[in-house]
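Note sheet for the following structure.
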Amino acid sequence: DADFAKFNERKERMDLMQSQYQQMKMQLESYQQLQADAENSARTQRLRIQALEAQLAQAQTSHRKHHNKHIAGFEAAEMTAQKTAILEANKRLKDENNDLKDELEELRAMIEILKAQHSGIKGLVASPRASPVHFASPLHPEP
């Protein structure tokens, strides 16, 4: 009887160990399936990340192109404004230069008249009133 009891006790322990083994085996299979699912999910996520990065790069390139076009348009408008300002300044300076040339010509004519008056020479210039050049100038207004 003692042997039979030992045998039954061992059988119960073996059944318990076998049951535990089956539970561990099922847990291992479950963990393996979870691992495979997690790897598939990670792979899918990586592919999604790559697709989103590609979209982002394309959007940034498109944004840069649009931004560059906008800046180029702004720079063209700015250059046009600068060109207009330069042309206006150039015209103003040309007018001023012409005025100064006219004034210089008047001054030279006055110098010739004064030289002639000082030396008492009468010739082409008979009198100051006969000169087509007026004595009034921006520098020396008529009294």
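Can you spot the lysines whose alpha carbon is less than 29 Å from K65's alpha carbon? Ignore those fewer than 8 places along the same chain.
The qualifying lysines are K83.
Checking the cross-link filter: which lysines have an alpha carbon closer than 24 Å to that of K11, excluding same-chain neighbours under 8 positions apart?
K25
Could you pull the accessible area for E39 with a 1.4 Å probe, rounded to 10 Å²?
Result for E39: roughly 90 Å² accessible.
Read phi for every residue in segment 46-60 and hand back ³J(HN,Hα) as whole Hz from Karplus 6.51 cos²θ - 1.76 cosθ + 1.60, θ = phi - 60°, with x for Gly and Pro.
Values per residue, Gly and Pro as x: 4, 4, 5, 4, 4, 5, 5, 5, 5, 4, 4, 4, 5, 5, 5 Hz.
Can you pull the percent of segment 52-122's accessible area that's carbon plus sulfur, 1.4 Å probe, other chains left in place?
Here it works out to 59 percent.
Step through the residues of segment 83-96 one at a time and calculate ³J(HN,Hα) from phi using the Karplus curve (6.51 cos²θ - 1.76 cosθ + 1.60, θ = phi - 60°), rounding each to whole Hz and writing x for Gly and Pro.
4, 4, 4, 5, 4, 5, 5, 4, 4, 4, 5, 5, 4, 5
The values are calculated or read from the model by the stated rules, or taken from the named source; none is laboratory data. Small disclaimer: the values here were computed from a predicted structure and weren't measured. Ligands, DNA and RNA are excluded from the accessible area calculation, which covers all protein heavy atoms including side chains. Shrake-Rupley method; radii C 1.70, N 1.55, O 1.52, S 1.80 Å.
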